[in-house]
Amino acid sequence: MNADTTGPHVVVAGGGIAGLAAAHRLATAGHRVTLLEAGDRLGGKLLAGEIAGAPVDLGAESLLARRPEAVALARAVGLGDRLQAPATTTASVWSRGELTPMPKGHVMGVPGDGHAVEGLLSEEGVRRIGLDRELPPTEIGEDVAIGAYVSERMGHEVVDRLVEPLLGGVYAGDAYRISMKAAVPALFEAARRHPTLTAAVRAVQQAGAAVPADAAGAATGLGGSVFLGVEGGVGTLPGAVAEAILAAGGEILTRTPVTALRRTGPAGWQVVAGDRVLTADAVVLATPAGPAAALLADHAPAAAGELAGIEYASMALVTLAFRRTDLPALPGSGFLVPPVDGHTVKASTFSSQKWSWVSDGAPGLFVLRTSVGRHGEEEQLHREDTDLVAASLKDLAAATGLAARPVATTVTRWTGGLPQYPVGHLTRVARLREAVAELPGLRVAGAAYDGVGIPACIASAHRAADEISEEIIATSKRTHPGAGHSS
């Protein structure tokens, strides 16, 4: 449905997946929408590319399928037949110089039984997990760092060798700072209800088992996969969403940073973007926290202060292409790396084994990628590309025996790419949302708030868009009593 070009106008600032999802939601609901992106492309941390002619994601590579938002959006914009389950999900942990299969029976690395992590942890580490049942209950309070809580109950080794690398793959952060309430909410709530962490883990596992194993498959048509990819790359999703926005009558402008917001009466806004000034009835800020804080400083200083306090981690992805015949057999989909071992890479994904579309796109090549950089390690991103490639090859050789030279390499830097969720993050978000809500016709969305994954970003965008729509309808009814609303 084309947007009403004479009706209320909504400006969305930020062309990452959250901004695109908000604009799509609004445009397909019949609103007049303009999306402004500061950079020269859309998609944020979603980026499809190629290496040596092989297609590959150079940013986020998968969608969490057990949340509906990302899969539903992909279907809505015509990518449903390109959704693809991983060819293999068997991963390893490179710990103490050995590749060990990822244990089963854990919740974000927290085991429900010490036997689940035998072979990865030392005998003493396994015994320490068992002490959880003998300890008195731990008072969690309103929030707690997951690393601190788990180490108190089960010892540091399970955090350092399993929780840390798993959380690092999501947040590129420090498990001893990351909020358990924000990062693993189901486990947090279970831990508040049960006397031991072991019991809490088992409760979460039982709750998951109570949902049919094919629940995700029922929604996706692709079996019970926890994660899904997109043929051609998750990085193709932004372009498909953008096309749908344009088809619905929306406008998209790149290289158009929003530099200021001005109030125009009790409910309107002027959006200053370069040499343009757009008049808007409502605005969705889907930028990272820093730019959002700057734009809100004059209008909602309390919200701006909360946003300015959100820290970000930077990371780099090193993508390598090899002749398939030059490589040894590599296990599964890749491996995670505990920071405690002091290696440069924090993970490696064997893309040609994980995703059929990568393998099919270049059958003679083997594509893999490593990730480098965690919160507080920004110096890693200042290294030359050749240094990051060399460090990755050194770690890959030590972990897998890989000795081949790549035929092509690409380094993609994501500076300030991942917001950190320390203890109290959700309380911070509640405070800033309360402050923003006092501004008629303005909402915020993105990874800084309720989750860094693609479905969470889309959910925050839909929340913002729906609240804006409701406000527009309410304003219309006040202005034109008795008038209906059509979209």
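The values are calculated or read from the model by the stated rules, or taken from the named source; none is laboratory data. Model, not experiment: these values are computed from the prediction. Glycine also receives a Cβ, built like all others from the backbone with ideal geometry; neighbour counts cover every protein chain displayed. When the accessible area is computed, the model is the full protein with side chains, heavy atoms only, and any ligands, DNA or RNA have been set aside. Shrake-Rupley method; radii C 1.70, N 1.55, O 1.52, S 1.80 Å.
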Apply the Karplus curve 6.51 cos²θ - 1.76 cosθ + 1.60, θ = phi - 60°, to the phi angles in the range 199-206 and return the couplings in whole Hz, x for Gly and Pro.
5, 5, 4, 5, 5, 5, 5, 5
Could you give the distance between the Cα centres of the range 333-377 and the range 448-478, to the whole Å?
34 Å
Which of G173, T319, H9 sits farthest toward the positive end of the charge dipole of the chain, with +1 on the Cβ of Lys and Arg and -1 on the Cβ of Asp and Glu?
H9
Cα centroid distance between the range 90-147 and the range 281-302, in Å?
41 Å
Using amide H atoms built in the peptide plane, which far-off residues or other-chain residues are under 5 Å from V230 H to H?
Q84
Kindly provide the helix-only [θ] at 222 nm of the chain, computed as the sum of -39,500 (n - 2.57) over DSSP H runs of four or more divided by all residues, to the nearest 500 deg cm²/dmol?
-10000 deg cm²/dmol
Share of carbon and sulfur in the accessible heavy-atom surface of the chain [1.4 Å probe, %]:
53 percent
Could you point to the residue in H24, G233, P331 farthest towards the positive end of the chain's charge dipole, with +1 and -1 charges on the Cβ of Lys/Arg and Asp/Glu respectively?
H24
Can you list the residues, at least 5 places off or on another chain, whose amide H is less than 5 Å from the amide H of I178, using H built in the peptide plane?
I146, G147
For T259, the residues 5 or more places away or on another chain with a placed amide H closer than 5 Å to its own amide H are V272, A273, G274
Given (1) 150; (2) 171; (3) 211 as candidate values of volume of the Cα convex hull per residue in Å³, which corresponds to the one derived from the coordinates?
(1)
Each residue of the range 155-165 in order: what ³J(HN,Hα) in whole Hz does its phi give by Karplus 6.51 cos²θ - 1.76 cosθ + 1.60, θ = phi - 60°, with x for Gly and Pro?
x, 5, 5, 5, 5, 5, 9, 9, 4, 4, x
Going by average Cβ neighbours within 10 Å, how do the peptides 395-404, 281-290, 320-329, 107-116 rank, with the highest at the top?
281-290, 107-116, 395-404, 320-329
Selected from A200, G224, A293, residue furthest toward positive end of dipole (the chain; charges at beta carbon)
G224
What nm distance separates the two modelled labels at A76 and E139, each placed 7 Å from Cα along Cα→Cβ?
4.5 nm
